[in-house]
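Presented below is the structure to which this report refers.
The values are calculated or read from the model by the stated rules, or taken from the named source; none is laboratory data. Just so you know, these numbers come straight off a predicted model, no measurement behind them. Because the Cβ atoms are built from the backbone with ideal geometry, glycine has one as well, and the counts that use them run over all protein chains shown.
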Amino acid sequence: MQVDLREFRAAYLAEVDEHLGAINAGLLAVEVANRAGRASPRELRELMRLLHTIKGLSAMVGIEPIVGIAHRMETVLRAADEAGGVLGDHALEAMIQGTRAIEAGVRAIAHDEPAPEASAALIAQLDAAEAAPASEQSLPPPIGDAQRPEIEPEIAEKLTASEREEVAQGIAAGRHLLRIDFAPTPAKAERGLTITTLRERILPLGELVRVIPLSRAATESAPGGLVFALLLLTEASAEIIAEAGGVPGSDVREILAARPLPRAVEVNRVEDLPEVVEAQRPGVLRVDVGRIDDTIEKLSGLIVTRSRLARAVGRLREGGADTRELEAIMIDNARQLRDLRAAILRVRMIPIATVLDRLPLVIRGLGRSTGKHVRLVLDGAGAELDKTVAERIFPALVHLLRNAVDHGIESPEERARAGKPEHATVTVTSSSRNNRQIEIRIEDDGRGVDRARVAEKAGRDVPTDNHDLLELLCRPGLSTRDAVNTTSGRGVGMDIVRKIVVEGLGGELALDTTAGRGTIFLIRVPLTIAIVDSFTLRCAGERFVVPVPVVEEIVELDPEKIMRGPRAGGRQARFFERRGETVPLVDLGYALGLGAESDGFTGKQALVVRRGHEDPVAFAIDRVLGQQETVVRPLVDPLVVVAGVSGSTDLGDGRATLVLDLLGLSAKLGRMRKDAA
Amino acid sequence: MSEVLVVDDSKVMREMIGACLRPDPSLAVTQAASGLEAIERLSLQAFDLVVLDLNMPDIGGLEVVEFIRGQDKLRTLPILVVTTRGEDASRASVLAAGASRYLTKPFTPEAILTEVQSLLGGPT
C-alpha cells in the first residue's frame, strides 16, 4: 500500500487556518499587553508553539515557502522570549506581516497554486525584528525576591523561572494559587473525567500555570502510579474549582494565599483596543460549552418522551377514554418545553462585540501594509448571537474588511483629488432583527465597485443591478486586480464569504455600491444554528443526510449472508450476523415510503444504529457518498416529531436535503414489530 | 499485535503518522492529543511503543520522556521522538532524558515505518 502524504492537504489547510486564527488572537493579546506596559511571556510561548506546528506540518506536505516564514517568525519570538517576554512594536508588526504572508500562502494552496516565496522586504523586516527585540519597550518591574512567595518544594523545583514569576505576579495581583490533585483511573475515564476534560473544565476559571505529573507508588486510588498536580491562579474559591472540575473538595487546596501589593503608580492610558480578557464580573458565570450542549441533549430526550406520551394519550382517546384534561396538560407541557429550549439556547448566546472587538487589529495591519489611512467605527448595539455562529462569521468579516481596504478605499492622494477626507472610514454595524437574525453591515466610503471592470474580468455583460453584480463577484477565483497584492492575495474571497454566510450559516448576503461614494455589504445570519457532522448517502435514488454520531458502523452487504425471517407487519424480516450478533436489516427506501421493498442487496451498504442499550438495527442504503458538516434546520416545530426525518439542510447545491433520524425510525419500526407480534 | 501510542497535538500530524503505519497490519495505533493525555493513557494501559512530538502545549515531549523513564514499569518502553528543523537543543536533551531515537520532519512514510518496526524488534 502506497501512502501519499499530499492527500492530507485539505486537512492541513483546515488545521493551519485554525492555528492562524489563534495566532491573530495571540498577537492582539500581545499588543494589548504592550500598551498596558506588561510582558506577555505566556502568549509568546504559545505563538512560538503554533508557528512551530505550522512549520512541521508544512514540511510534511512539502510547502517550503511557509516552512521558511514560520521558521523566521519563530526565531523572532524566541529572541523576544529570551529578552524577558516582551515583543516590541516593530517586531510585532513584523509578526503581523509574517502571518499575512502565511495566510496568502494558504489561500494560494487552497486554489491549487504554489505558495508564493516570502518577499525580500518581509525577510528583512523579520531579520531586523530578531536583531533588535523590545528595545523600545519598558519591562515590568520583577517582583523582588524578598516579596517572592514560598511554594512547597515538591512543586517549586518543577517550575521554571518564568512560571515562578507568573505565580508571584498573580499573587500580587490578588489571586490565590490552588493545587488540584488528580489521579486518573479507568472508572473516572468511563465517567468522562480525564486530565483533558478536567483541564478544560477549570481553564475558564483562572490561569493554569502548569500541570505537573508526579510518579507515585500505585495504590487503589491511583492505580496508574500517577497523580497530576494542576496549579491554578484564580480568584475563585477552592470549593468552586472542585465543583467545576467535578473532583472531591479534598483534592483542591490553597498553596498560596493572595497577597496584593500596593500599586506604585496607576497610569491612565488611552486604550483604543479592548481588553481581550474580560474580567470575571459579579453575577456572571463562565460555563463550558460542552455542558450546555449536554443539557440540549438531555432536553432532546425529554422531547422524545413527550411525543411518546402524546401517542399514549392518543391511544387512550381512541379507546374511548375521556382525555380532555390530559390534553390540556399536554398543551401546557408543549409550551413549557418550547420555552425551556429557547432558554437553553439563550445561554449559548454571546455578545456580537466579542467578534467585532477582534477587527481593529485586522484594520490596523491592513492600513499599514497598504499605506492607506483607515478609521474603523464599530457599532455593536449589544446584539447577541450563538457562539458557533459567532466563530463562523468572523472569517467572512475579515474577508470583507480586506476587500474594503484593498479594493474599495483609495490611496490618500486619490482621495485628496476626489475631495474626500484623507482618512477613509469603514463602519461595521450590527443589529438583531426580529429575534431570529442578526444583521451586520460593513460600509466603506471608498470608490465603489467598478461594474465594467468586474464584468470584463468575468467575461460577462455589465450587470445592471447590485444583485447581478454580487453574483459576478462571488464567482470562484474572480479577481479585479491584475497584480498579486499584499493583502488580498489575488482578490479572491467573495466566493468564500458567500459560502460561509449562505451555505454555512443559512443566511443572506447583499451588496449596495455607488461609484465614487462607497460600498455596503449586508450580512444576515440566523442567531442560532445546529451544526452536525454528517454522512451524505444515496438511497432509492435520493440524497439524504445522517448525523455521524448516530451511526455505529457502515457495513458492506453480502447478499449471500442475509437470512430471511418470517413476514411481520406486512414486511419481510431480514437479518445478518455481525460478530456473533444478529442484526435486523431494514430497507431504508421502503421504510421511508420511497418504493417497493428491495430484494437485491448486491453492492449496497447498511448503516448500523443502536438506541441506548437496545439491539442494533441496520438500514440498507445504496452508498455512503461522503462526510461533511451540515447546518440542520428543523423542518417544523421540534415538538411535532416526524418519525425518520429531523430536519433539512443545504449541501451547497441550493436544494433542500432531508436529514434522517434513524434512531427515531428504528424506534418506530420496533414498535411496529411489537404491535404485529 | 503491537500497541503504538502516537502523541501529537496536531490532528493532521497524528492522522498522517497513523496512515504511515497502516501498511503494517500488526500495528494497532492509539492517538493522544496532548502530553497530558499521553501520560494518562500510559499509566492506565500497556503500550509497546510511543511516537512522540516534542512541541506541545502544557507538557512537552521532554517531560513525557522524563515521566516515562521515571516509572518502573515503563523504563524500557521504546520512544521514537518526532522533531522539526531547528529543535537541535531540545532533541539533544530529549535523547539525554532517555528517548530511543528521533526522526526529523519532513520524513517519508517508509522512514517512520522502518524506524517503528526496528524499535519493535524488526519487521513483524
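Quick notes
- Among the residues of the stretch B:92-124, those identified as in a helix (DSSP H, G or I) and more than 23 Å from B:Gly18 (Cβ to Cβ) are B:Ala92, B:Ser93, B:Leu95, B:Ala96.
- Test for A:Thr429: is it within 16 Å of A:Gly367 (Cβ to Cβ) and surrounded by fewer than 23 Cβ atoms within 10 Å (Cβ to Cβ): no
- Residue ID - nearest to the other protein chains (Cβ to nearest Cβ), chosen from residues in the stretch B:86-104 that are within 13 Å of B:Val51 (Cα to Cα) and either among the hydroxyl-bearing types (Ser, Thr, Tyr) or surrounded by fewer than 19 Cβ atoms within 10 Å (Cβ to Cβ) (or both): B:Thr104
- Residue within the stretch A:363-379 that is surrounded by fewer than 20 Cβ atoms within 10 Å (Cβ to Cβ) and under 30 Å from A:Gly290 (Cβ atoms) present: no
- Scoring B:Thr83 on the criteria (1) part of a helix (DSSP H, G or I); (2) facing chain A (nearest Cβ under 10 Å); (3) of a type in the set (Ser, Thr, Tyr) leaves a single failure, condition (1).
- Taken over the stretch A:43-97, the criterion of being among the basic types (Lys, Arg) and either over 19 Å from A:Val16 (Cα atoms) or not in a helix (DSSP H, G or I) (or both) is satisfied by A:Arg78 alone.
- Residue among A:Arg417, A:Arg453, A:Arg441 that is surrounded by fewer than 17 Cβ atoms within 10 Å (Cβ to Cβ), under 23 Å from A:Leu470 (Cβ atoms) and not small (Gly, Ala, Ser): A:Arg453
- Test: residue in the stretch A:376-391 that is in a strand (DSSP E or B), free of Cβ contacts under 8 Å to residues at least 40 places away in the same chain and under 29 Å from the mean Cα position of the chain (by Cα): no
Here is a yes/no grid of residues against (1) more than 30 Å from A:Val347 (Cα to Cα); (2) modelled with pLDDT under 85; (3) out of contact with any Cys (no Cβ under 8 Å at 6 or more places or on another chain); (4) among the charged types (D, E, K, R):
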{"site": "A:Arg498", "(1), (2), (3), (4)": "no, yes, no, yes"}
{"site": "A:Gly506", "(1), (2), (3), (4)": "no, yes, yes, no"}
{"site": "A:Thr514", "(1), (2), (3), (4)": "yes, no, yes, no"}
{"site": "A:Leu522", "(1), (2), (3), (4)": "no, no, yes, no"}
{"site": "A:Leu527", "(1), (2), (3), (4)": "no, yes, yes, no"}
{"site": "A:Ala530", "(1), (2), (3), (4)": "no, yes, yes, no"}
{"site": "A:Asp533", "(1), (2), (3), (4)": "no, yes, yes, yes"}
{"site": "A:Val546", "(1), (2), (3), (4)": "no, no, yes, no"}
{"site": "A:Ile554", "(1), (2), (3), (4)": "yes, no, yes, no"}
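- Yes/no for A:Ala424 being surrounded by 15 or more Cβ atoms within 10 Å (Cβ to Cβ), over 21 Å from A:Ile438 (Cβ atoms) and in contact with a strand residue (DSSP E or B) (Cβ under 9 Å, 6 or more places away or on another chain): yes
- Checking A:Arg72 against (1) at pLDDT below 85; (2) under 27 Å from A:Ile109 (Cβ atoms); (3) of a type in the set (D, E, K, R), the condition it does not meet: (1)
- When residues in the stretch A:41-62 are screened for being more than 9 Å from chain B (Cβ to nearest Cβ) and without any contact (Cβ under 8 Å) to a residue 24 or more places away in the chain, 1 of them pass.
Residue-wise test of (1) under 23 Å from B:Phe67 (Cα atoms); (2) more than 7 Å from chain A (Cβ to nearest Cβ); (3) at pLDDT 95 or above.
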residue	(1), (2), (3)
B:Met1	no, yes, no
B:Val4	yes, yes, yes
B:Val7	yes, yes, yes
B:Ser10	yes, no, no
B:Ala19	no, no, no
B:Asp24	no, yes, no
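- Criterion violated by B:Arg14 - all others in (1) of a type outside the set (A, V, I, L, M, F, W, C); (2) part of a helix (DSSP H, G or I); (3) at the interface with another protein chain (Cβ under 10 Å from one of its Cβ atoms); (4) under 25 Å from B:Arg85 (Cα atoms) satisfied: (3)
- Test for A:Pro114: is it over 32 Å from the mean Cα position of the chain (by Cα) and at pLDDT below 90: no
- Subset of the stretch A:198-235 [within 10 Å of chain B (Cβ to nearest Cβ) and part of a helix (DSSP H, G or I)]: A:Leu198, A:Arg199
- Filtered by the rule that a residue be part of a helix (DSSP H, G or I), more than 27 Å from A:Glu113 (Cα to Cα) and more than 14 Å from chain B (Cβ to nearest Cβ), the stretch A:1-40 gives A:Ala25, A:Leu27, A:Leu28, A:Ala29, A:Val30, A:Glu31, A:Val32, A:Ala33, A:Asn34, A:Arg35.
- Qualifying residue in the stretch A:3-11 (condition: modelled with pLDDT of 85 or more, in the same structural domain as A:Gly84 (by TED's automatic domain parsing) and crowded, with 20+ Cβ neighbours inside 10 Å): no
- Single match in A:Leu669, A:Leu639 (criterion: in the same structural domain as A:Val548 (by TED's automatic domain parsing) and modelled with pLDDT under 70): A:Leu639
- Of the candidates A:Ala121, A:Ala83, the single residue that is at pLDDT below 90 and surrounded by fewer than 16 Cβ atoms within 10 Å (Cβ to Cβ) is A:Ala121.
- Test: residue in the stretch B:26-34 that is surrounded by 23 or more Cβ atoms within 10 Å (Cβ to Cβ) and more than 7 Å from chain A (Cβ to nearest Cβ): yes
- Selected residue (criterion: farthest from A:Gly170 (Cα to Cα)) from residues of the stretch A:185-197 that are in a loop (DSSP other than H, G, I, E, B) and at pLDDT 90 or above: A:Thr185
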